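Input: a single structure, listed below in structure tokens.
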Amino acid sequence: TTGGNGGGIYQASGSITVSGAPVIKENKPNNLYLKEEQVVTCGSSLSGGEIYVDSEVSAAITSGFTGSTTKPFHEDGGCKLSLQEDGQVYLEKSGSGPDGPEFAGLSLTLDHGKFGLNIFVDPGKLTSEDLDSSQVTFTVPGRGKNVQEDTFDFSCTATKDGKTVYGYTCHLSSVQMAEKIHTTFTCGDISIEGDFSVADYISMYKEKTASPELPDNNYRDQLIKSVSDYGYFIQPYLSAENKWSIGEEGGYARMKNIYGTESYSQKYLDDVKKACSDYQAVKNKVGNSIQGISMRLELDSSNAAIVTFTMANETAKLAVTCGYAGTTYKAYKKADGKYVIRIPGIPIQDMDQELTISGTSGDGEEVDIRIKPIGYIYYALNNPNSNEQKKNAMVSLYFYWLFARNYVGRQGGN
């Protein structure tokens, strides 16, 4: 099948090796037609050509392929080719025919204060009335495995090849960026499936092969790089803190170092510590009944600030609250006698917003404390007991916050 007009190949079993510059085309639907779990091996001399691929099922071009695009492979017959985070090309089935819906790309989102992955669907000939009944089911694997569902939202859109495509959102924690999310779109008796990850999208974005198309935007470039670095550095830190396994069965999939950011230098540490010194807690009123106050962060799809109060004696009482996003949070007493107040749902871009904790302690002493969650980074970097993993995680968190704030502020939204 080299040169000329080409011809089709029906590969009934086993694998096939392609080399040189083959033209595998025409004889539709048998261009290069793959059965389930079949593999195309790319020979070392594969240098071009046109290989049109069809399949009724997901298949993979997994061996020997190198490059930053899917060339020389082309999608056909309602199938979709995608270059994945691991550098290989995968063929995703469309089970709906050439005029039916198909997956149309990815984007990251900070909407509603949560980090997530938008997965877009080109509806094909489905009408808006049809789409009203559609839904997408996301099956997230790994230690944090869960199943989410999202329904049609007319406001979540993008443009691909001049057409409007519609997004469905899967929310993820900071350590789930490498998880392959099995995604099933259903609308009536039509169903399509695919597997996607945040890491896949970041890799494609970095190589400028991401879809749907987006105009150049330096703020988005900075944000996506910072998300990638944060995902890479936060995993070993949180896994050590929580005794999680990374890259092993039953654990979390390991996030790769997509942008090649190495351990941060001392200059980075010093600069970030200096920047975060402006966000230290302010203790306006603290009585003698409170012996000590500490803060830590809970880092997830959104974030939480957790403030712990150590009392001067076991009988000392604390009644403090913090109002945030329309909800009032109260401190509660733990078995060890300490009081804890947890303020959840803080979007990454709002980590510099001031939170006021107020009330009384002891025999009526007034309490008034102002905290800014991003200020925790100052204390972490200033702590001589913080190891390299924690320092890298904190610096990456700082840049994630900084560029998320810049991007959202300049876009007027997400």
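Collect the residues in region 370-398 that are among the aliphatic types (A, V, I, L, M) and either farther than 18 Å from SER265 by Cβ or under 25 Å from the mean Cα position of the chain (by Cα) (or both), keeping them in residue-number order.
ILE371, ILE374, ILE377, ALA380, ALA393, MET394, VAL395, LEU397
Of the residues SER197, SER191, SER174, which single one is closer than 23 Å to LEU299 by Cβ, touching a Gly at 6+ places or on another chain (Cβ under 9 Å) and assigned by TED's automatic domain parsing to the domain that holds SER134?
So the residue among SER197, SER191, SER174 that is closer than 23 Å to LEU299 by Cβ, touching a Gly at 6+ places or on another chain (Cβ under 9 Å) and assigned by TED's automatic domain parsing to the domain that holds SER134 is SER174.
Only one of GLY260, GLY247 is in contact with a Lys or Arg (Cβ under 8 Å, 6 or more places away or on another chain), of a type in the set (Gly, Ala, Ser) and without any contact (Cβ under 8 Å) to a residue 60 or more places away in the chain; which?
When all the criteria are applied, what remains is GLY247.
Just checking, how many residues over region 104-163 are touching a Pro at 6+ places or on another chain (Cβ under 8 Å), assigned to a strand (DSSP E or B) and either without any contact (Cβ under 8 Å) to a residue 40 or more places away in the chain or farther than 23 Å from TYR219 by Cβ (or both)?
Counting residues in region 104-163 that are touching a Pro at 6+ places or on another chain (Cβ under 8 Å), assigned to a strand (DSSP E or B) and either without any contact (Cβ under 8 Å) to a residue 40 or more places away in the chain or farther than 23 Å from TYR219 by Cβ (or both) gives 3.
Suppose we keep only residues that are among the basic types (Lys, Arg) and over 16 Å from the mean Cα position of the chain (by Cα) within region 113-163. Which one would you say is nearest to ASP350 (Cα to Cα)?
Filtering first and then ranking leaves LYS160.
Looking at region 164-196, which of its residues are more than 19 Å from the chain's Cα centre (by Cα), in a strand (DSSP E or B) and farther than 30 Å from GLU249 by Cβ?
Across region 164-196, the qualifying residues are THR164, VAL165, CYS187, ILE190.
Picking from TYR379, TYR332, which residue would you name as being aromatic (Phe, Trp, Tyr) and either surrounded by 15 or more Cβ atoms within 10 Å (Cβ to Cβ) or under 22 Å from VAL227 (Cβ atoms) (or both)?
Of TYR379, TYR332, the one residue that is aromatic (Phe, Trp, Tyr) and either surrounded by 15 or more Cβ atoms within 10 Å (Cβ to Cβ) or under 22 Å from VAL227 (Cβ atoms) (or both) is TYR379.
Return yes when TYR201 is part of a helix (DSSP H, G or I) and farther than 19 Å from GLN235 by Cα and no when it is not.
no
Can you tell me which residues in region 125-144 are more than 30 Å from GLU248 (Cβ to Cβ) and among the charged types (D, E, K, R)?
Within region 125-144, LYS125, GLU129, ASP130, ASP132 qualify.
Would you pick out the residues in region 248-292 that are among the charged types (D, E, K, R) and assigned to a loop (DSSP other than H, G, I, E, B)?
Those that are among the charged types (D, E, K, R) and assigned to a loop (DSSP other than H, G, I, E, B): GLU248, GLU249, ARG254, LYS256, GLU262.
The values are calculated or read from the model by the stated rules, or taken from the named source; none is laboratory data. Quantities reported herein were computed from a predicted structural model and do not represent experimental measurements. As a convention, Cβ positions derive from the backbone with ideal geometry for all residues, glycine included, and neighbour counts pool all protein chains shown.
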